[in-house]
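The values are calculated or read from the model by the stated rules, or taken from the named source; none is laboratory data. All values reported here derive from a predicted model rather than from experimental measurement. Cβ placement follows ideal geometry from the backbone for every residue including glycine, while neighbour counts extend to all protein chains displayed. The protein model used for the area step is the full one, side chains on, heavy atoms only, and it has no ligands, DNA or RNA in it. Shrake-Rupley method; radii C 1.70, N 1.55, O 1.52, S 1.80 Å.
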Amino acid sequence: MVDSGPADALLDMYRRMRLIRDFEELVQALFLKGEVPGTTHLCIGQEADAIGVASALGDEDRLAGTYRGHGVALALGVDPQALLDEMLGRATGVCGGRAGSMNVIDLSNRLIGCFGIVGGSIAAATGAALSLKRQGRGGVAVAFFGEGTINQGYFAECLNFAQVLSLPVLYLCENNRYGEFTPYEDVTAGEVLDRPRTLGIPAEQVDGMDVVAVRDVAEGAVGRARDGEGPQFVETLTYRFVGHSRADPGAYRKQGELEEWKLRDPLTVARARLVDELGVDAGEVDAVDREIGAQIDEMRSAGLEAPLPDPALLAEASEFKG
Amino acid sequence: MVEFREAIVTALDEELAANENVVFFGEDVAEPGGVFKATPGLRKKHGDRVFDTPISELALTGAAFGSAVTGLRPVIEIMFGDFMPLAMDSLVNQSAKYWFISNEQQSVPLVVRSAIGAGSRLGAVHSQTPVPWFLGVPGLKIVCPSTPNDARALLKAAIRDDNPVLFFEHKRLYSLKGEVDDDPVELGTARVMREGADLTIVSAMVGVHVALEAAEALARDGIEAEVIDLRTLRPLDHAAVAASLARTGHLLVVEEGPRTGGWSATVAAEIAEGSLHDIDDLWRLTTPDLPIPFSPALEDAFLPGAERLAAAVRSRLVSRSG
């Protein structure tokens, strides 16, 4: 039985998950209207991972995400409007419209970056852990990645590298069962957790649809890394309710699988715990939904009115600093 | 007189001493002191800021990236330049792009040292010059010293530079001796090694010494060649080449690398575009578009040597004037 903790804390996590969900749905809607150029990879269904882990982090910690990174960005405190404006290719975007959906960077909010190449987040967090260990202020680096990444060179090389150097890093594997369009078991030998365990890295699994469970497991793992116990590994069992990217209707899913997972929607799970176990008034939760809904409406208008970047910067910008 | 490899270790030693955020790691670099004996004693003097890594080029390059964007100034060694394709993703997709796509939040102050070049009978995959692989990647600097003095000064400048720098050490230069002074050298600046009025020969690394030897032979025939050492191949000092060409009218670019896609082609294109009215003749001497052969009989014929270079100049000048 997971300890739910105070209702306020869970309501806050619910609010932040609701922001991610509504943000992603707004991106999808704007994408379908042709306002979001290129492609998008939404994390609808995986909100509890981002919020649960971010809730376990402190000011000294750093996180690297994937191209499915809007959730972790928002969870770390990246300004939602600036994030939306980046999706829209606007000058007011968090990276001035230079990065786009797959490559968001916001160091001021502890986000080393979202990485458009599978496995890139693992390298970034491993290196950040090298810095954090030298700085000696107890910081921990977190790498988010999907289960498809465990077949990448980055995974094999960096986990060993971090273990032999005893780096303060949490490898957070979101197992959403599909690497792009292909089921995990079709292309992967063995179980996820066997790989870190083979290197002697402590590894555990958690229900990725339960934000409280994710937070509790993350707190434990981050705490051990902070205490000098070296790399830690957590696999969350989760599911994305949408396609891999814009062009994917998800035809590869097994019959009824999506519907079954939706019964365990992280927002539904959190709401039930708030109302049924913690005695929070359902109206209070509804008010949160309305509040976020209003925020999203404002963001939509502001984003569509935001200025585009000036092409003159291409002549003025330098490939180098200094 | 100081050996090239001593100049390398001196530069590393001085920069490790000057800035505690400088760290140095790679395969066999710490306790063993490097397979080319270019880094002995650093571990003993600087402790755990100098360390050996697994044979994992992707992990160590990725860790260098992640640490460089979170406070450290890493220097890494990729033992042979031929191993750089294993590190390509991190260098090309992470380090090179971060400054620009982050909207200039943070640059990536890292240096990759690597032993490169042919002539040591090491065959096709321990002899290459990786410059063309990286030449088309904005955000990277590529430094190629030819003398012990430049090796020390340019490595120090590379470590102090805020951008990712590939620092290539030609294997056939490690035992070269030369005078060393304390004058700094700026990245991106060429140097006139020998003055001459009849033609300009531009090269880098071993090619500079080949050109100087050829120039002495040509001088005995009354042909005075100006020899320019580019020293940095990205960004490349086209202005120095153009200024020399304006005096001599003839330009020969000597590259140890394939004819297709190399830096000599870039020099030729830039000069043709910018200095057309100054050109009486412009041509290139490169290695063939073939893998580097092993047998000394083949490898010697493969590389641009002084005799061949001098003969090429003589016949070209005769054919042009005739």
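Only Lys, Arg, Asp and Glu carry charge here, each on its Cβ (+1 for the first two, -1 for the last two); on that basis the protein assembly as shown has a dipole of about 1200 debye about its Cα centre.
Shown is the FRET efficiency for A:GLU259 and B:ASP162, computed with R0 = 60 Å from the Cβ-Cβ distance and rounded to the nearest 0.05: 0.70. Computed over region B:2-178, relative contact order equals 26 percent, with contacts defined as Cα pairs under 8 Å that lie 6+ residues apart. In order along region A:197-209, phi translates into HN-Hα couplings of 5, 4, 8, x, 8, x, 9, 9, 10, 9, 5, x, 9 Hz, rounded to whole numbers, per the Karplus curve 6.51 cos²θ - 1.76 cosθ + 1.60 with θ = phi - 60° and x for Gly and Pro.
Excluding ligands, DNA and RNA and using a 1.4 Å probe, chains A and B jointly bury around 3300 Å² of accessible surface, summed across both partners. Taking a span of 15 Å or more along the helix axis (Cα atoms) and a mean Kyte-Doolittle hydropathy of at least 0.0 as the rule, the DSSP H helices of chain A that qualify are A:7-32, A:120-135, A:153-164, A:211-226. Couplings for region B:23-40, taken from phi via the Karplus curve 6.51 cos²θ - 1.76 cosθ + 1.60 with θ = phi - 60°, read 10, 9, 8, x, 7, 6, 8, 8, 4, x, x, x, 5, 9, 6, 9, 9, x Hz in order; Gly and Pro are left as x. At full extension, A:TYR252 and A:ALA294 could sit 11.6 nm farther apart than now, given 0.36 nm per residue minus the alpha carbon distance. Computed from the C-beta positions of B:GLU195 and B:ASP280, the FRET efficiency with R₀ = 25 Å rounds to 0.85.
Please check which bits of region B:1-36 a label hung off B:LYS44 would reach, taking the label as a point 7 Å along Cα-to-C-beta and the cut-off as backbone N under 12 Å. What the label zone holds, given the 12 Å backbone N cut-off, is B:31-33.
The Cα-based radius of gyration and maximum Cα-Cα distance (Dmax) for region B:2-178 are 14.8, 46 Å.
A simple packing score, the average count of other Cβ atoms within 10 Å per residue, orders the peptides A:205-213, B:59-67, B:38-46 as B:59-67, A:205-213, B:38-46, with the highest score first.
Eigenvalues of the alpha-carbon gyration tensor of the protein assembly as shown, scaled by 5 and square-rooted, set the equivalent ellipsoid semi-axes at 53, 26, 20 angstrom, largest first.
From the alpha carbon centroid of region B:3-44 to that of region B:280-322 is 36 Å. Legend: residue pairs A:LYS133/B:LYS45; A:LYS321/B:LYS45; B:LYS45/B:LYS156; B:LYS37/B:LYS141; B:LYS37/B:LYS156, Cα-Cα distance threshold 28 Å; pairs beyond threshold, A:LYS321/B:LYS45. On chain B, 53 percent of the accessible area sits on carbon and sulfur atoms, based on a 1.4 Å probe. Counting Cβ atoms of other protein chains within 10 Å of each Cβ in A:118-124 and taking the mean gives 6. Remark on B:ARG194: its backbone amide H falls under 5 Å from those of B:VAL227, a criterion applied only to residues 5 or more positions apart or on other chains, H modelled at 1.01 Å from N.
The distance linking region A:189-250 with region A:252-295 is 22 Å (Cα centroid to Cα centroid, whole angstrom). With a cut-off of 9 Å between beta carbons, the residues surrounding B:ASP28 carry a summed charge of -4, where Lys and Arg count +1 and Asp and Glu -1. Modelled label-to-label distance, B:LEU298 and B:GLU31, 7 Å Cα→beta-carbon offset: nm? A separation of 3.8 nm, rounded to one decimal place.
Approximating the spin labels as points 7 Å out from Cα along Cα→Cβ, the B:ALA246-to-A:ALA317 distance works out to 3.3 nm.
Taking only Cα atoms, what is the 0 to 90° angle, nearest 10, from helix B:148-160's long axis to the longest principal axis of chain B? The answer is roughly 50 degrees.
A simple spin-label model places the labels of B:ASP183 and A:ASN109 5.1 nm from each other, with each point 7 Å out along Cα-to-Cβ. Cα convex hull, chain B: 130 Å³ per residue, rounded to a whole number.
Net charge within 13 Å of A:GLY179 by Cβ-Cβ distance, Lys/Arg positive one each and Asp/Glu negative one each, not counting A:GLY179 itself? Residues close to A:GLY179 contribute a combined charge of -3. Report, to the nearest 10°, how far helix B:238-248 tilts away from the longest principal axis of the Cα atoms in chain B, using its own Cα long axis and a range of 0 to 90°. Helix B:238-248 sits roughly 20 degrees off the main axis of chain B. In region B:73-104, comparing the full protein assembly with the chain on its own, the residues that lose 30 Å² or more of accessible surface at a 1.4 Å probe are B:ASP89, B:GLN94, B:TYR98, B:TRP99, B:PHE100, B:ILE101, B:ASN103, B:GLU104.
Taking the C-alpha atoms only, the angle from helix B:263-274 to the longest principal axis of chain B is near 60 degrees. Using the Cβ atoms and a cut-off under 12 Å, what net charge is assigned to the surroundings of A:ASP207, where Lys and Arg are +1 and Asp and Glu are -1? Result for the neighbourhood of A:ASP207: -3.
Could you pull out which residues in region B:102-136 have an amide N less than 16 Å from a spot 7 Å beyond the Cα of B:ASP289, following the Cα-Cβ vector? Counting backbone N atoms under 16 Å from the label point, the list is B:132-133.
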